[in-house]
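Encoded as structure tokens, the structure appears first; notes follow it.
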């Protein structure tokens, strides 16, 4: 049975269109490799069996017959069409889709394979809610009228701090100008600061700072947990006063976003991406981050980490701005009738690279900043104030030099960084 089909003869709303980059042995026929991949997804057998010829055509995984986009003689891109009829969006859903996409990664006749893109048909997507809060919705939760990036302090150090120590630093940073306090990606409920104690104390602090400054503040609590407990944990955190959930779909599963969205329609959900590097880091193997971002948005994520450019962090983020822009597009571009998700810029952010990230990502973003708020010579309050002055100034169209003249906190911070050896 011929599994090749031309683009003109296929209704793409009936299929997931999937783009793979494959590496193979020199001399192999690309079309034959693509057909082997489709055959495996159809039959799952190491030997030809008669039932292949009796499979209903509308359920067959096909190869879109077009000239492969070659990178070199042993590497090219192929397009596979997976019938939407094969994956029920409610019984199976995203887990079933990922199971099918992951099946091809262990095929022995491929040296390396990377999932680059996926187009999701409307007939599948319409069963999902997508995000509840776009950037303007999030901005309104902070009662901000000026369009500028939201500023969050991600608690550092990651481990060892007691709740009292966290409160002491968080108070200075909130008064200095940060909009919210965010748990670290790998802080959930360590014995030194149990989650419920931490949320209760932070909510009391937020109330105190709001009264003092007249500015709306929030808590973003990391509830990354087993599906067995996550709803109960989330309910308790809402009762204690959290205004945002922070959760990692890479380890909880993307369907946990669907569950939280359904149970807590009025709480924004922000996604952590810790663990993504296991699947995304090798540019010739694994899955491109943009695929996961599209799935997260489908499931209802309101904001999602995408890394940064020129970050000071020792972790790998991006080698060039094109990758960052690609991931931003996945969160913002038209995707049927879904709202956009907000890009979360994170990883080594400080006064030296904020302007570059705003240039690339625009003002409708969230900054998660940790160490960058703590290095000011006058302490974290001045660090937060310097960053707020810089972000507000850039949002009003001022140059860095103009902002330095009007902000003594930023000027002193800049001088201290300039003098570092």
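Here, each number is a calculation from the coordinates, and none is a lab measurement. Every value quoted in this text rests on a predicted model; they were computed, and no experiment measured them. So basically every Cβ, Gly included, is an ideal-geometry build from the backbone, and we count neighbours across all protein chains shown.
In table form, for the structure just shown:
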read-out	value
Relative packing of peptides 228-240, 396-408 - highest average C-beta neighbours within 10 Å first	228-240, 396-408
Choice from 275, 153, 245 with maximal GNM fluctuation in the chain (Cα, 10 Å cutoff)	275
Within a Gaussian network of the chain (alpha carbon springs, distance under 10 Å), most fluctuating of 160, 253, 370	160
Percent antiparallel among DSSP beta bridges (both partners in the stretch 4-125, rounded to 5)	90
DSSP bridge pairs, the chain: antiparallel proportion in percent, nearest 5	40
Degrees, to the nearest 10: 380-395 long Cα axis against longest axis of the chain	60
Solvent-free Debye scattering, log10 I(q)/I(0), computed from the Cα coordinates of the stretch 345-384 at q = 0.23, 0.35 Å⁻¹	-0.73, -1.17
Cα-based helix-to-principal-axis angle, 408-418 vs the chain, degrees rounded to 10	60
Cα convex hull of the stretch 111-155, projected area averaged across orientations, nm²	7.2
Fully extended contour minus Cα-Cα distance, from residue 262 to residue 25, at 0.36 nm per residue	80.6 nm
Equivalent-ellipsoid semi-axes of the stretch 267-421, from the Cα gyration tensor, Å, largest first	30, 17, 13
GNM top mover of 263, 17, 409 - the chain, alpha-carbon springs below 10 Å	263
Rg(Cα) / (2.2 N^0.38 Å) computed for the stretch 8-48, rounded to two decimals	1.40
Convex hull volume per residue in cubic angstrom - Cα atoms of the stretch 4-125	109
Estimated translational D of the chain in µm²/s (Stokes, Kirkwood radius over Cα pairs; 10 °C; 1.306 mPa s)	68
Separation between Cα centres of the stretch 328-378 and the stretch 167-193, rounded to whole Å	18
Estimated distance in nm for a label pair at residue 406 and residue 204, the labels positioned 7 Å out from Cα along Cα-to-Cβ	3.8
Residue-averaged [θ]222 nm for the chain, counting only DSSP H segments that reach four residues, each worth -39500 (n - 2.57)	-11000 deg cm²/dmol
